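Remarks on the structure that follows.
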Amino acid sequence: MASLGPWSWPATAAPTREEQSAACRGDAIKLCAFAIPNESKVQACMEKKIDKLSPRCRAMFGKGRHGKGRTGG
């Protein structure tokens, strides 16, 4: 399967492409298969379903993200 990242993380806090893919591949297939292989659509889908992501994948979205509904916004 093609990689599911990178997803616009700042360079200083960016997990590697391999870390992103390993952490989120299963969640992307389970929750957002319709969006694969479009990385921006996968990201948008996963952000909408962040409460359903595995803890490991959710942590990838927390690293340096200025996400919606998160502390500090």
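Filter the range 27-43 down to the residues that are of a type in the set (G, A, S), at pLDDT 95 or above and under 11 Å from the mean Cα position of the chain (by Cα) and list them by number.
A28
Where residues in the range 30-65 are polar (S, T, N, Q) and not in a helix (DSSP H, G or I), which of them is surrounded by the fewest Cβ atoms within 10 Å (Cβ to Cβ)?
That would be N38.
The values are calculated or read from the model by the stated rules, or taken from the named source; none is laboratory data. Keep in mind that this is a model prediction, so the values were computed, not measured. Neighbour counts run over all protein chains shown; Cβ positions are idealised from the backbone, glycine included.
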